[in-house]
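Down below is the structure, laid out as structure tokens.
The values are calculated or read from the model by the stated rules, or taken from the named source; none is laboratory data. These numbers come from a predicted model, not from an experiment. Virtual Cβ from ideal backbone geometry, glycine too; neighbours counted across all protein chains shown. What goes into the accessible areas is simple: the full protein's heavy atoms, side chains included, and nothing from ligands, DNA or RNA. Shrake-Rupley method; radii C 1.70, N 1.55, O 1.52, S 1.80 Å.
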Amino acid sequence: MFKNYFKVALRNLINNKVFASLNIIGLAIGMATAMLIGLWIKDEIQFNHYYPNHKKLAQAMVRQVNKDEEYTGPTVAMPMGAALQSQEGDLFKRVSLVSFPYDHTLALGVKKLTAKGFYAEQPFPLMFGLEIVQGSKNSLHDPTTIMISRSMALSLFGNGNVVNKNLLLDNKIPVTVGAVYEDLPENTNFAGTTMLMSWSNEENNYRRTNTNWQDHNGLLFVELNDHISADQAMEKIKNLPTAHIKDWQETALLQPLDQTYLYTEFKKGQAVGGRIQFVYLFGIIGAFVLFLACINFMNLSTARSSKRAKEVGIRKTIGSLPIHLVGQFLIESVLLTLLAFVIAIFLVQFSLPFFNYIAGKHMLIPWQNPGFWILGLCFAFFTGILSGSYPAFYLSRFEPIKVLKGAFQGSRYNSIPRQVLVVLQFTVSLSLIIGTIIVYRQIMYAKDRPSGYTRAGLITLPINTDDLNKHYGAFRDEVLSSGAVESMAQSSQPITNFENNNSLDWRGKDPSLVIFFRNVNASPEFGKTLKWNIIAGRGFSKEYADTSSMILSEAAAKVTGFANPVGEIMKFSGKSYTVVGVVKDMLTNSPYENIEPAIFLGDGYFDYITIRLKAGLPEHSAMAGLEKIYKKYNPGSPFTYQYNEDEYARKFSAEEKIGNLSAVFAGMAIFISCLGLFGLASFVAEQRTKEIGVRKVLGATLLSLWTLLSLQFVRLVLISLCISIPLSYWGMNKWLLSYTYRGAISWWIFGLAGLSILLITLITVSFQSIRAALTNPVKSLRSE
């Protein structure tokens, strides 16, 4: 019986090549889209799963509360490391403090490379299960030892054993290679880290000896004991920092490492969102796109129902039961789906490079994973049953007597399920179009936000060796005399990322008020180089002794409550400063959040150099000249710099990727929906062939017939628009609420999306409508 089913199914596919091709293409695109989304979701939820013991790893965090203000984040005070280490054996198997990752220089003779690395305590390599290629996991116990990645070892030494080889760190610290570890993949939190330095290294003395609970400047990780969960451990350690801090209330948290990537938004110390929202969103989109492909299959199958009505009538007359007919049609559906699955695999493989590019990932099809093939085949069979169920039961209900007498007529209500499915298709497609437009609008709204300074032409150089500090004056003079540079300055923070946060005291301040200010040390040329906007007082200048001067940002001035803060004395880190000016707010951190209050100090250490290139000069020659001067005064480092425009653009990277993915999925949904429209238009045209013939004989024009056949589809799109607009507005408005700085949802977005769908609909159905209208009425009326 099943053999006969397959023969009939194959014969039907061969005899209806166009119909079969449309069905297979629609299903293949829907399945390929669902598989791509599945690979993306798998990569997202498996972030940090590279570490062998990832389920038992957690990151310590702090929750700080001061009146109505609340902050939850991973930056902890160094004494917390010792406090958690006292719990080893009870709660934790291992505990490790680490510094923030920064770029350092490694030198082997004349060969110099920039390496991203951080200081870490000895248990770190064991906790994270680093795959050691050479050397020992315990090598960080030696203060003069470092661990480097395999790629760094190859870049410095080539092949061979590199353990105990000597290097120069940051052009001043002699270190020895203690181990080589396998490079960490991109879907880990320490991806790109090519160097680990011992926590006991003398350059890390500030953190290693820091006992101030109010100074937060590092990260802390723990490995839980086998019988302890993160929640259990957190309950016992949450009050550790509370007794040591008087200015605000602080408690400790533990977040499982598997959640640190997906859950980055907190409310009352609880993880409430982050990238996990995109995982849910794209999971829903993937399910809907696949469902649209199934709807498309149903519409195309039922559109061909009259062609198979006599087949069903004959089968029933000679004894076929409805269950046999259902089996026949479901087998045809599964066969089509399996063919579509094979095509979908090739589509995924072909499109993966492009998909990886827009998603910023390096995903691969797991060809050698049996689970993938088992899941894929189950996925194909499920899709086949789902898409073929309605046509199978619909076709098996035909009455043989009416069909064989030629009296088979579809009820006018038979088209309602198909119309409902088309409305659902275009509701989803419209929602995706509207969502994509709003995402891109929000990105452009943030990009157009005034930055408070002139970004074009700025580059930033890290001061990564003592040579650059010692020879800064000579370096600056030669750079300015080169003719390629307009101005240059020093600062403790890069303009695109103010990280330091500290409190400030002033006259009349409420003692219970604790507000953190972004604090930046700046040289006298800083404001001129940035071209910031002074709105009160003056900027820093060499003409004054500004080592005890302070400049407030506009937001900082508002916080202090002074109508004119210029001349006020304020205390920062125990030192008194005189406010000499107020500068317009500058956008230095997230472009989607409120600008935080900032203060600029005329003294302190400097870690960065900001240079403004002269406008109109060839960039390549300007940078080549700068590199030559840089290497003259900083021979221990490669020429390392960052365009501020590029760094600023990275702030929009996550949203742009989501917008690009949404646009691709919207395109797939629209294409599949158009195939469904094509099927429905074909069905309607076929059902109304004789009616069209009669109308043509009575004088109907081509335009009137085209309008007759197209108007019902326009109605369906309008219904979809009425459903989609409130749903899209509600969903996207909720998404926008997650951004403090956000644009409004304009009415024209819905109008543009609706007009686009209407045009696409008319173009899609016009082919069948015009074809039916041009049919010779003699052919359609001959049997009458």
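Overview of results
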{"quantity": "Residues within the stretch 110-152 that are open to solvent by 10 Å² or more (accessible area, probe 1.4 Å), touching a residue at least 40 places away in the same chain (Cβ under 8 Å) and touching a Phe, Trp or Tyr at 6+ places or on another chain (Cβ under 8 Å), tallied", "calculated": "8"}
{"quantity": "Options Asp247, Asp258: the member that is open to solvent by 10 Å² or more (accessible area, probe 1.4 Å), in contact with a Lys or Arg (Cβ under 9 Å, 6 or more places away or on another chain) and not in a strand (DSSP E or B)", "calculated": "Asp258"}
{"quantity": "Single residue of the stretch 511-538 satisfying the filter (aliphatic (A, V, I, L, M) and touching a helix residue (DSSP H, G or I) at 6+ places or on another chain (Cβ under 8 Å)) that is most open to solvent (accessible area, probe 1.4 Å)", "calculated": "Ile535"}
{"quantity": "Top-ranked residue in the stretch 446-461 [being crowded, with 18+ Cβ neighbours inside 10 Å and touching a Lys or Arg at 6+ places or on another chain (Cβ under 7 Å); ranked as farthest from Asp607 (Cα to Cα)]", "calculated": "Gly452"}
{"quantity": "Check on Ser738, closer than 16 Å to Ile443 by Cα and not charged (D, E, K, R)", "calculated": "yes"}
{"quantity": "Given (1) touching a residue at least 24 places away in the same chain (Cβ under 8 Å); (2) surrounded by fewer than 17 Cβ atoms within 10 Å (Cβ to Cβ); (3) more than 20 Å from Leu737 (Cβ to Cβ); (4) among the charged types (D, E, K, R), index of the condition Glu223 fails", "calculated": "(2)"}
{"quantity": "Odd one out for Asp231 among (1) out of contact with any Ser or Thr (no Cβ under 8 Å at 6 or more places or on another chain); (2) open to solvent by 20 Å² or more (accessible area, probe 1.4 Å); (3) assigned to a loop (DSSP other than H, G, I, E, B)", "calculated": "(3)"}
{"quantity": "Any hit, the stretch 424-434, residues being of a type in the set (Ser, Thr, Tyr), more than 30 Å from Glu554 (Cα to Cα) and modelled with pLDDT under 80", "calculated": "no"}
{"quantity": "All positions within the stretch 339-376 that are closer than 16 Å to Gly286 by Cβ and open to solvent by 70 Å² or more (accessible area, probe 1.4 Å)", "calculated": "Leu375"}
{"quantity": "Yes/no for Thr337 being over 30 Å from Ala77 (Cβ atoms), assigned to a helix (DSSP H, G or I) and modelled with pLDDT of 80 or more", "calculated": "yes"}
{"quantity": "Residues of the stretch 489-508 classified as farther than 21 Å from Gly527 by Cα, at pLDDT 85 or above and touching a Lys or Arg at 6+ places or on another chain (Cβ under 9 Å), total", "calculated": "3"}
{"quantity": "Members of the stretch 90-109 found to be of a type in the set (Val, Ile, Thr) and in contact with a Phe, Trp or Tyr (Cβ under 8 Å, 6 or more places away or on another chain), listed by number", "calculated": "Val95, Val98"}
{"quantity": "In the stretch 605-622, residue modelled with the lowest pLDDT [restricted to those that are surrounded by 17 or more Cβ atoms within 10 Å (Cβ to Cβ) and not basic (Lys, Arg)]", "calculated": "Ala622"}
{"quantity": "Residue check, Tyr608 over 30 Å from Arg441 (Cα atoms) and over 35 Å from the mean Cα position of the chain (by Cα)", "calculated": "no"}
{"quantity": "Members of the stretch 500-540 found to be of a type in the set (Val, Ile, Thr) and either more than 14 Å from Tyr453 (Cβ to Cβ) or without any contact (Cβ under 8 Å) to a residue 60 or more places away in the chain (or both), listed by number", "calculated": "Val514, Ile515, Ile534, Ile535"}
{"quantity": "Residue in the stretch 61-81 that is within 30 Å of Lys631 (Cα to Cα) and either open to solvent by less than 60 Å² (accessible area, probe 1.4 Å) or at pLDDT below 85 (or both) present", "calculated": "no"}
{"quantity": "Hits in the stretch 462-486 - residues which are more than 27 Å from Leu169 (Cα to Cα), of a type outside the set (D, E, K, R), open to solvent by 10 Å² or more (accessible area, probe 1.4 Å) and not in a loop (DSSP other than H, G, I, E, B)", "calculated": "Leu480, Ser481"}
{"quantity": "Residue list for the stretch 625-645, filter: more than 26 Å from Ile443 (Cβ to Cβ) and open to solvent by less than 50 Å² (accessible area, probe 1.4 Å)", "calculated": "Gly625, Leu626, Ile629, Tyr630, Tyr633, Asn634, Gly636, Ser637, Pro638, Phe639, Thr640"}
{"quantity": "Subset tally (residues that are of a type in the set (Ser, Thr, Tyr) and either surrounded by fewer than 18 Cβ atoms within 10 Å (Cβ to Cβ) or modelled with pLDDT under 90 (or both)) for the stretch 16-60", "calculated": "2"}
{"quantity": "Number of the condition not met by Tyr648 [criteria: (1) outside any loop (DSSP other than H, G, I, E, B); (2) open to solvent by 40 Å² or more (accessible area, probe 1.4 Å)]", "calculated": "(2)"}
{"quantity": "Glu499, sole failed condition from (1) farther than 27 Å from Lys657 by Cβ; (2) acidic (Asp, Glu); (3) part of a loop (DSSP other than H, G, I, E, B)", "calculated": "(1)"}
{"quantity": "Enumeration of residues in the stretch 742-784 that are polar (S, T, N, Q), modelled with pLDDT of 80 or more and assigned to a loop (DSSP other than H, G, I, E, B)", "calculated": "Ser746"}
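Let's see how each residue does on (1) among the aliphatic types (A, V, I, L, M); (2) farther than 22 Å from Phe282 by Cβ; (3) open to solvent by less than 80 Å² (accessible area, probe 1.4 Å):
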| site | (1), (2), (3) |
| --- | --- |
| Phe713 | no, yes, yes |
| Val717 | yes, yes, yes |
| Ser724 | no, no, yes |
| Leu736 | yes, no, yes |
| Arg742 | no, no, no |
| Ser746 | no, yes, yes |
| Phe750 | no, yes, yes |
| Leu759 | yes, yes, no |
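The rows are residues; the columns are (1) under 24 Å from Leu220 (Cβ atoms); (2) under 36 Å from the mean Cα position of the chain (by Cα); (3) modelled with pLDDT of 90 or more.
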residue	(1), (2), (3)
His104	yes, yes, no
Ile146	yes, yes, yes
Ser149	yes, yes, yes
Ser155	no, yes, yes
Gly158	no, yes, no
Val163	no, no, yes
Asn166	no, no, yes
Ile173	no, no, no
Leu184	yes, yes, yes
